[in-house]
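Here's the structure we're looking at; comments come further down.
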């Protein structure tokens, strides 16, 4: 039986050179979600102690992005270090006006913001 272990929330922004591709903002949102967590229960409660064991956990990532069709799934899921990974992308996030700096590769003055919900699930006997 599959049980939710934790749901982690994060937020990421890409300010420059994105050409409306939300992938980097999504990666930052995932890293923000997982950066302040120590999932010690994976070893102490679920007995997942090695990298091989950690492959058994399931990690579902839900991204809210202003331009969902621009997300590069393979690139974004690399932000999750272990587990069986799945990605769901929905319309969300935000676009805000920033500053256009051509020297940084900017094509517009838009800042892309994405939200992430990262859910870790464990198969329990």
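Quick notes on this structure:
- Selection of the range 63-105 for residues being over 12 Å from the mean Cα position of the chain (by Cα) and closer than 13 Å to residue 21 by Cβ yields 66, 67, 68, 69, 70, 93, 95, 105.
- Qualifying residue in the range 54-62 (condition: under 11 Å from the mean Cα position of the chain (by Cα) and closer than 30 Å to residue 104 by Cα): yes
- The combined condition, being surrounded by 13 or more Cβ atoms within 10 Å (Cβ to Cβ) and in contact (Cβ under 8 Å) with a residue 40 or more places away in the chain, is not fulfilled by residue 101.
- Matching residues, the range 80-125, being within 15 Å of residue 13 (Cα to Cα), touching a strand residue (DSSP E or B) at 6+ places or on another chain (Cβ under 8 Å) and assigned to a loop (DSSP other than H, G, I, E, B): 92, 93, 98, 109
- Of the residues in the range 36-47, not one is within 30 Å of residue 111 (Cβ to Cβ) and surrounded by 18 or more Cβ atoms within 10 Å (Cβ to Cβ).
- Qualifying residue in the range 91-98 (condition: out of contact with any helix residue (DSSP H, G or I) (no Cβ under 8 Å at 6 or more places or on another chain) and buried (at least 17 other Cβ atoms within 10 Å of the Cβ)): no
None of the figures in this text is laboratory data; all of them are computed from the coordinates on show. It should be emphasised that the depicted structure is a prediction, and the values quoted were computed from it without experimental measurement. Every residue, glycine as well, gets a Cβ built from its backbone with ideal geometry; the counts of neighbours run over all protein chains shown.
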